[in-house]
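Report on one structure; see the data block that follows.
The values are calculated or read from the model by the stated rules, or taken from the named source; none is laboratory data. Predicted model only: the values in this text are computed from it and were never measured. For neighbour counting, all protein chains shown are included, and Cβ atoms are generated from backbone atoms with ideal geometry for every residue, glycine included. Quick note on the areas: whole protein, heavy atoms, side chains included, nothing else; ligands and nucleic acids left out. Shrake-Rupley method; radii C 1.70, N 1.55, O 1.52, S 1.80 Å.
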Amino acid sequence: MELLEREECLADLAECLAAAVHGGRIALVGGEAGIGKTALLQEFSNRQRLARVLWGACDALFTPRPLAPLYDIARQTQGALLTALNSGANRDEVFTAALDELERTETLVVLEDMHWADEATLDLFKYLGRRIHRTGSMLAVTYRNDEVGPRHPLRFVIGDLPRASTSRISLAALSELAVEQLARRAGRSSKGLHGVTGGNPFFVTEVLAAVADTVPITVRDAVLARAARLSVAAREIAELVCVVPGKTEGWLLELAARPDEASIEGCLGIGMVRYEDASLAFRHELARRALEDSLSPLRKQSLHARVLVVLARRPGVPAARLAHHANGAGNAGEVLRFAPIAATQAASVGAHREAASHYQAALRHAEEIPPDERGRLQEQLSYECFLTGQHERAIEAHRSALHVWRALGERVKEGDALRWLSRLSWSIGSRAEADRYCAAAVTTLESLAPGPELAMTYCHRADLDMEAHEADSAIDWAQRAIALAESWGNNEILSDALNTLGTVRLIAGDTSGWADLERSLQLALARGHQEHVANAYTNLAAMAVSRREYDQARRYLSDGLAYCEQHDLDFHGPYTLAYRARMRFEQGDWDGASQDIEAVLRHPRTTAVTRIPALRTLGHLRIRRGDPDASSPIEEARALAGPVPELQRLGMLSVVCAEAAWLAGDREGVLREVQPTYELVRKRRDPRMKGELAAWLWRVGALEESPTDIAEPYALEISRDWQGAARVWKALGCPYERASVLAMYGAEPEQREALAMLEQLGAGPAAQALRKRMRAQGVRGVPRGSRNSTRRNPHGLTEREAEILTLLSDGLRNAAIAKRLFVSTKTVDHHVSAILTKFAVPSRAAAVAMARKQPDKKP
């Protein structure tokens, strides 16, 4: 079919390709199924007459095959990339080989159907996207934008691509005029055609080719109407091909169906495609699935079994493909043969969701697996579920493994399973269960000869006590783990234990913890333990922010984020960003904090442990700004923290809620939030948390005894040296805290200074309360508050933010808005982040939708 109404898209692609020569480009081609994404890129490739075009497609298997499009590409390039894939090289080597192909010569690389991509392929896309500027190549990626929602993993990858190198091309449906033109060329009436098909090119083509008396009302009807014209022999081939996602190779077709040329010609007559290598495929996945869905379960099972027999005899067929057809055939023995291999291969390249899916497929036949093998598979499934945030499923799998090890008398494995169950229980907020499992693990493993499992259990016990701010106990357990690790020379466990030891010492105010954390980092760096490197950077940054040592924090945050990006450790990035958001918030960069919070909360791999600090900061930010619905993020954080939250989380949430009550003039509310938590904290060593809680009690006249071991600015305030406290807050770089002290205790000059600072920050509630108090004290000429336009807006938007929201509603991107308003794109980025935060929505589209539902009130 001739491409209609696609010239503008082809021109955009040509512009992108021309720019790629000077530093690589990415073209994101989005549209619904059947809209013509592949046809567009084929036409573009033909017009450009490029020397090198590489095509790869993601699989529509039950469980996607890891790096499927890269295997397609490697078969075209041969050489180092194919060697790396076939030799089982690690992920870094494979990704490097892929990048080398893009750097070697100017190339158009097409990755199709990325909405089906496995985790490893998404990681590859991100890896290449971050480095595309080093090449002269163009990466064209197709995906169904209607299937990529806000939490779809591809959405995060797209958001992480370099904006300067990325172009978006969205394909629209054909107009009624174009549909009429196609119908006229086919000698058919166009009456009702556009209305039924919605202008979808594939649907239009299928309807026109169906030669039915009436217009089919679905794609399935149109496809089946065409298939009905096939001979018996041709139908046999079409049905076999429809259970094979992608292409059915010529050798597979020959061995499984033994087709004659007339039958193949019949298949081509209904829109199937035959390639140069004699492989056969449906022109579109929609057509393949429509025919496959029309088959009876027994017929599908029989066809999968025929395909499996042929594939299993041929060397080099990927285990994931074999597992797919074994599953479709209902062949338990072959599922158990291939699914674990496919899972191991998937996990080795970072496709953890796919690995979990393969393990689950194998364990559906658990009754046919020997107990020790079943226990091992359950543990592997649990680990893959843990890595992908499926914590409840991970716990269930590890409990099953525990039962196996107990039945077999495998005491070491029993103890290690108990440790894992403790760790998993803590991750979902079940502290009592975590303590119970950990105690059982210690008892079990201490009854045996000391081994790595015992040392790791000591590390975990230390982690649990650190979260509860039981400093002395945490230090003791960490030192036990260190003693064992050093006696064996096990630097991985040693790095882990030092990390915990350093963190708990710093929480307790002992600066020797910096040396422990630095030693942990250096050990991990020297031996390439990437996870431990990331953990060390994360805790170094978190402690620097918590202790308000912001210069150090900036260095650790920068180095840690760079390391995680360089090594594609995206699991750790959100937690580090949550602490950068906290630092920016405390230092008055509230727009920057909003951006980081948005990135954390929109990340598809964000766990509860990471969401809690981000939500806490978001709630705190809304409280200080006076934004609507400040309570929602706080309530979500409380829910994620569980019914009995860790003291670390409880303390910070109490502080945030106390400030909300204070700004509302609710003294009893401050007491309600702070008093119970302070009673838990006051006998523990934590200068910041204890000081912050004590200061709130002091401000409402409820502090019975002044604590001694608290952070300096709180100690000065409680000792009535508010000027000293203000000086310390200034030196630390905390403008809101400094303004608060000046406002609470200062005379008119200090109050005016505080008011100016609060207004500059956008701290409306605190500024309004101070203004009211100054007027009550008889102060004349108190400056007015924020502009009426901001107060009139139901969401607290400034005039500029409201203006930008209007332009967003018109469909403009940030760069176009920046040109329209004569400001930088970065400035627009900040305003958009502020709008999303104030509206409490995850995306621009959601903000526009909410604005249309709730238009601004007119003055």
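A few comments on the model shown:
- A simple charge model with +1 on the Cβ of Lys and Arg, -1 on the Cβ of Asp and Glu and nothing else charged puts the dipole of segment 9-149 at about 400 debye relative to its Cα centre.
- For Q48 and E803, the difference between the fully extended length at 0.36 nm per residue and the C-alpha to C-alpha distance is 267.6 nm.
- Semi-axis lengths, largest first, of the ellipsoid equivalent to segment 671-788 are 28, 15, 13 Å, with √(5λ) applied to each eigenvalue of the Cα gyration tensor.
- Length-normalised contact order for the chain - Cα pairs under 8 Å, 6+ apart - percent: 7
- Gained length - R258 relative to A278, 0.36 nm times residue gap less alpha-carbon distance: 5.9 nm
- Excluding exposed DSSP-loop GluC sites (Glu not before Pro) (at most 12 other C-beta within 10 Å), longest clean stretch of the chain: 277-703
- Residue by residue, segment 303-318 carries 3J(HN,Hα) couplings of 5, 4, 5, 4, 5, 4, 4, 5, 5, 5, 8, 9, x, x, 6, x Hz when phi is fed to the Karplus relation 6.51 cos²θ - 1.76 cosθ + 1.60 (θ = phi - 60°); x denotes Gly or Pro.
- The orientation-averaged projection of the convex hull spanning the C-alpha atoms of segment 70-168 amounts to 6.2 square nanometres.
- The structure-derived value of Cα extents along the principal axes in Å appears in the list (1) 107, 71, 67; (2) 97, 76, 46; (3) 90, 63, 58 under the label (2).
- Coordinate range along principal axes, alpha carbons of segment 567-724, Å, largest first: 49, 35, 33
- Share antiparallel - DSSP beta bridges, the chain, percent rounded to 5: 15
- Interchain or long-range residues, amide H under 5 Å from A57's placed H: D72, E112
- Placing +1 on the Cβ of every Lys and Arg and -1 on the Cβ of every Asp and Glu, with nothing else charged, gives the chain a dipole about its Cα centre of roughly 2340 debye.
- The chain: calculated mean residue ellipticity at 222 nm from DSSP helix runs of at least 4, using -39500 (n - 2.57): -21000 deg cm²/dmol
- Global form of segment 1-124, assessed from the alpha-carbon gyration tensor, a/c cut-off 1.5: oblate
- Within segment 547-611, all pairs of alpha-carbon atoms sorted by distance into 5 Å bins from zero give the percentages 4, 19, 27, 26, 18, 6, 0.
- Estimated Rh, segment 106-236: Kirkwood, alpha-carbon pairs, angstrom: 17.8
- Carbon and sulfur %, accessible surface of segment 373-517 computed with the full protein complex present, 1.4 Å: 49
- In the frame of its principal axes, segment 366-436 has Cα extents of 34, 24, 15 Å, reported largest first.
- Overall form of segment 626-700 per C-alpha gyration tensor (a/c, 1.5; a/b vs b/c): oblate
- Anisotropy class assigned to segment 373-518 is prolate, per the alpha carbon gyration tensor with a/c at or over the 1.5 cut-off and a/b larger than b/c.
- Over segment 114-259, Cα pairs under 8 Å with separation of 6+ residues give a relative contact order of 14 percent.
- Label-point separation, T827 to D721 (7 Å along Cα→Cβ), nm: 4.4
- Trypsin sites (Lys or Arg not before Pro) lying in DSSP loop within segment 170-213, provided at most 15 other Cβ fall within 10 Å: K191
- Stretch in the chain that is longest and holds no chymotrypsin sites (Phe, Trp or Tyr not before Pro) that DSSP places in a loop and that have at most 14 other beta carbons within 10 Å: 276-821
- Modelled label reach - A407, point 7 Å along Cα→Cβ, segment 339-383 residues with backbone N closer than 19 Å: 360-382
- For segment 1-73, the spread of Cα positions along each principal axis, largest first, Å: 37, 30, 19
- Average accessible surface area per residue within the chain, 1.4 Å rolling probe, Å²: 43
- The Cα atoms of segment 338-405 define a convex hull whose projected area, averaged across directions, is 3.9 nm².
- Across q = 0.13, 0.28 Å⁻¹, segment 656-712 modelled as identical point scatterers on its alpha-carbon atoms has Debye log10 I(q)/I(0) values of -0.28, -1.15, in the order of the q list.
- For segment 208-352, the fraction of alpha-carbon pairs in successive 5 Å shells from zero, as %: 2, 10, 18, 20, 18, 14, 9, 6, 3, 1, 0
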